[in-house]
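I have placed the structure first, in the form of structure tokens, so that the comments after it can refer back to it.
The values are calculated or read from the model by the stated rules, or taken from the named source; none is laboratory data. Only a predicted model underlies this, so the values are computations on that prediction, with no experimental measurement involved. Using ideal geometry, Cβ is built from the backbone for each residue, glycine included, and neighbour counts are taken over all protein chains shown.
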Amino acid sequence: MSWRDGMSPQAKQHAGIAAAVPKSAMEVANELVCSGTTDDFLTMNRLRALLTASYRIACPALLLMLGSTSQAAAQTEEDGRYWLSVYAQGKLPVENLYWSMDVHPRWREEGAQFDQLILRPAVFYRFTPKASVWMGYDTIISHPAGQSSNRENRWWGQFQYQFDPIANITITSRTRLEQRHREGFSDEGYRVRQMIRAVRPSALSAQLSWVAFNELFVNLDHTEWGARRGLDQNRVFVGINWKFNDIANVDVGYLNQFVNTSTVDRENHVLMTTFRFNF
């Protein structure tokens, strides 16, 4: 019996979003290396096989953790949004220890209404230039349409690792565990976030790179304030990165966000701009 057979039609439809991402990412990657050497193609095939196998194992395993999901046939609401992110980080006076600060203002209704503000200070320790462990605290102030504003606080930890380039593609994995508390409620929720990000330099300019990532969010429990155990949301991003210098760079592109709810699911089409500063 297939792991999909026990799922509702709605869950089958949206589970396909996460499962389809590796194929789409690999199709883009194949186009990017179409001018490469024979060795590039052989390496690319190995990468595709590795990613496909990983997702075929990971996606069913994650979806089996989802627990109960709504059996009602929920509709999907769509919205155009604009997200701005600013990241800054620098060295602390301790060997291999760094500070980080993110600010994320977000707008809904095609940018006409302010939706959310996220403040995210953190510290991280680099074991190697490619491996690091992080700890941080989020303050999220939300202004949902037709509802009262709310505030959420999160403690979180994450492990981040950058793999050696394959066919000139650099892949970074980020695994984050969040402890979430909504003000006005006594309980806490836990959520796992898994991101895979791929970057490939462009032949058009030494400052330009192609960027794609997928991030899956899975709630580990139910809460009084509406979190449900299982699939929470999925984000897929495709865009470009422009490197101004060794300190500053920017990502610009399209992000598709699917949010799984008990009533009406949401699909947001987001124009996303991300600035990064490394001091």
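For the stretch 197-225, what are the residues that are closer than 15 Å to GLY239 by Cβ and among the aliphatic types (A, V, I, L, M)?
Those that are closer than 15 Å to GLY239 by Cβ and among the aliphatic types (A, V, I, L, M): ALA198, VAL199, LEU204, LEU208, VAL211, ALA212.
Being touching a His at 6+ places or on another chain (Cβ under 6 Å) and either under 30 Å from GLU77 (Cβ atoms) or of a type in the set (S, T, N, Q) (or both) narrows it down to one residue among ARG197, ARG228; which is it?
Criteria check complete, one pass: ARG228.
Look through the stretch 237-273, keep the residues that are more than 20 Å from PHE217 (Cα to Cα) and polar (S, T, N, Q), and return whichever of them is farthest from the chain's Cα centre (by Cα).
ASN245
Of the conditions (1) in contact with a helix residue (DSSP H, G or I) (Cβ under 9 Å, 6 or more places away or on another chain); (2) surrounded by fewer than 18 Cβ atoms within 10 Å (Cβ to Cβ); (3) in contact (Cβ under 8 Å) with a residue 60 or more places away in the chain, THR263 satisfies every one except a single condition; which number is it?
THR263 satisfies every listed condition except (1).
Would it be correct to say that ASP79 is in a strand (DSSP E or B), touching a Leu at 6+ places or on another chain (Cβ under 9 Å) and surrounded by 15 or more Cβ atoms within 10 Å (Cβ to Cβ)?
no
Please specify each residue of the stretch 96-108 satisfying the condition of being over 11 Å from TRP83 (Cβ atoms) and either in a strand (DSSP E or B) or at pLDDT below 95 (or both).
LEU97, TYR98, TRP99, SER100, MET101, ASP102, VAL103
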